Amino acid sequence: MSATTIHLRQILFLLCALCGLSGCGQVEPVRNAKQLHAVEYGQRALRAFQLGNYETAENLYQQALRRDVEIENIDGIAVNTLNLARVNRILGRTARAHAYLDALLQDDALQYAPVYLATAATEKAALYLQANDLAAAESWLGKAEASCGDDCPLHGVIANVRSAIVLGTGDAVSSLAWGERAAAVNRNTSRMEYANSLRLLAAANLSLGQFENARSQLNEALDLDKSLGLPLKIREDLLLLARLHDALGQPQQAKRYQERAARLSSAP
Amino acid sequence: MKPNQFNQGLQHIEQRTRRFMLGAAAVLLLALLLIAVKQDYLVRSTTIYFFANNAQGLSRGMAVKFIGFKVGSVKSVSMEPNATVRVRVSLDDEYLHLIGQDAKARLIKEALVGESVVEIIPGTQPVQAVKENSVLVFERGQDAATLAESLALQLEPILNDIREITGSIKNPEGDLQRTLKNLNQASGDMQVMVKQFTRLAVSGNQTLDSTSGKLNRALDSVNANLQVLDSTLPGLLQKADSSLDNVQAATADIKLMTTESAGELPVFIHNTNALVQDGQDMLDGAKRTWPFRNFFPKAEPELLPVDGYVTPTKP
């Protein structure tokens with residue numbers, strides 16, 4: 001009886017091991033050449049974007065989008081269109097960024113996943129916020145929230161944008177509340193967005209005269225941005241630190257931070 | 001068992017044994033026949049010889065070719081008492097009438113990196129065909145290394161010539177330098193003379209005679225220098241001519257090498273392309289397979305992270 005049990009156990013173990021190994025040995029589905037080409041362009045564009053070569057990134061994303069359109073790869077079309085909008089926002093070409101986003105949001109022929117539509121709406125809100133059109137920004141943020149389901153990965157981003165919008169209206173208290181909510185969501189999900197939340201919290205605290213909170217938040221944000229290698233954000237942190245020291249009546253320190261920020265602006 | 005039945009049984013066994021033995025003998029004969037065919041024992045052949053200085057590149061069994069066709073093989077390579085190498089070659093009688101007594105045996109490589117073969121270079125007297133125990137003249141064909149060596153040997157005198165010419169030009173005691181010095185000096189004299197002439201023009205014609213003398217001397221000096229130059233130039237030109245001849249010969253060799261390898265190159269490039277493509281396919285396959293696929297970025301479009309921070313603008 002005992003021997004039979006051992007024998008059965010051995011067979012079961014072998015079967016499980018075989019199933020496990022077959023799972024490990026599974027080969028990813030083969031993609032066609034155009035699809036692989038599009039992905040390759042996308043990966044090269046991502047590397048260019050990470051290095052701050054935004055013009056190159058734009059060209060490469062356009063190539064990727066062309067390939068995806070040729071084979072009607074809906075996910076690829078959505079991703080590359082959003083990436084192009086993002087690159088153009090950084091380059092300050094807001095009209096072109098809007099055009100890309102509108103092409104996605106007004107496309108009735110293709111059914112895009114809700115997360116892409118929510119992302120596009122968030123980008124629109126950010127563009128309007130950048131243009132200081134707070135009402136339009138708020139409107140698009142509402143659309144983003146509506147498209148975003150419960151398990152949407154954009155909650156932290158949306159909270160950050162809302163914090164910035166209310167700060168723009170002069171409501172530092174609400175901004176602080178939204179910033180804290182955003183920081184709680186982003187702390188464990190995205191370091192970049194968490195640094196954004198800290199920066200917004202610091203700005204709100206500065207407006208409210210809570211300088212010590214602002215200082216610690218800015219220092220933390222600065223460390224994070226340095227570790228992520230984001231020059232524009234580092235510059236923002238330094239400028240806010242300069243404002244903080246101005247408010248504290250320390251003009252020498254403020255001047256030093258401004259000098260550091262200026263060096264980043266003129267860096268090659 | 002009855003005696004009759006026993007005898008019948010014995011006969012049966014005897015018959016079977018006989019059949020088995022006959023079968024085995026037949027198989028043995030067949031094997032021997034195949035060996036004989038393989039070893040060309042059934043082909044009528046003629047043995048000829050050639051002698052080489054050394055046995056490098058020569059080996060038993062090596063193919064012997066005539067205008068690209070195999071006409072025999074090397075049967076043995078042995079050393080003679082006088083330290084030369086005797087090579088015994090067996091030629092098919094079928095082709096014997098095509099190979100003259102004055103034909104040559106040349107050791108060549110079939111390609112840049114191919115096998116070595118003995119090539120029979122047809123003689124000029126095909127009516128007197130080789131016969132048993134004929135001896136052919138042997139020579140070694142040029143392989144890539146030999147060509148490179150001969151190229152180096154031909155380039156050496158060119159370099160020496162160039163070095164010599166450069167040395168002669170640079171040598172302060174050389175003809176050319178001396179001529180230049182003299183010319184320089186003459187030019188200095190001329191300058192002085194012109195100055196004096198100017199002074200003379202101002203002060204009158206008092207020293208005209210002496211200047212005229214100097215002018216004559218200077219012109220003589222220039223003339224002498226030009227003569228030196230005239231005698232030096234032909235030598236230099238001759239050297240340059242021989243250098244150019246050597247360069248031409250070297251170029252011809254390089255062209256020959258290139259032509260010889262031209263047929264091989266496209267095939268080589270084609271094979272290399274196929275190899276690279278295979279490698280790429282294998283790499284692509286590996287990239288999609290566990291565990292390697294974890295080391296590479298996923299082949300999916302990647303969305304840039306949405307940035308929720310907008311640089312504040314002053315209204």
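Here are the numbers:
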read-out	value
C-alpha long axis of helix A:33-50 to longest principal axis of chain A, angle in °	30
Extension gain, residue B:28 back to residue B:231 (0.36 nm per residue minus Cα-Cα distance, nm)	64.2 nm
Violating pairs (Cα-Cα greater than 26 angstrom) within the set A:233/A:255; B:170/B:214; A:34/A:233; B:104/B:131; A:124/A:233	B:170/B:214; A:34/A:233
Inter-label distance for residue A:50 and residue B:170, nm, one decimal - labels placed 7 Å from Cα along Cα-to-Cβ	5.5
Cα-based helix-to-principal-axis angle, A:2-24 vs chain A, degrees rounded to 10	50
Cα gyration tensor shape for segment A:223-268, rounded if a/c is under 1.5, else prolate or oblate	oblate
Sorted peptide list for B:176-184, A:154-162, criterion being average Cβ within 10 angstrom, highest first	A:154-162, B:176-184
Around residue A:230: net Lys/Arg minus Asp/Glu count, Cβ-Cβ under 13 Å	-1
Relative contact order (%) - segment A:178-268, alpha-carbon pairs under 8 angstrom, separation at least six	21
Rounded, prolate or oblate (a/c below 1.5 giving rounded, otherwise prolate when a/b exceeds b/c) for segment A:50-159 by Cα gyration tensor	oblate
Tensor-based shape of segment A:149-268 (alpha-carbon gyration tensor, a/c under 1.5 rounded, otherwise prolate or oblate)	oblate
Label-point separation, residue A:188 to residue B:270 (7 Å along Cα→Cβ), nm	6.3
Euclidean distance between Cα centres, segment A:192-249 to segment B:18-55, Å	95
Estimated inter-spin distance, residue B:97 and residue A:263, nm [label 7 Å along Cα→Cβ]	9.8
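Here, each number is a calculation from the coordinates, and none is a lab measurement. Computed from a prediction, not measured in an experiment: that's the story for all the values here. Note that we place each Cβ from the backbone using ideal geometry, even for glycine, and neighbour counts take in every protein chain shown.
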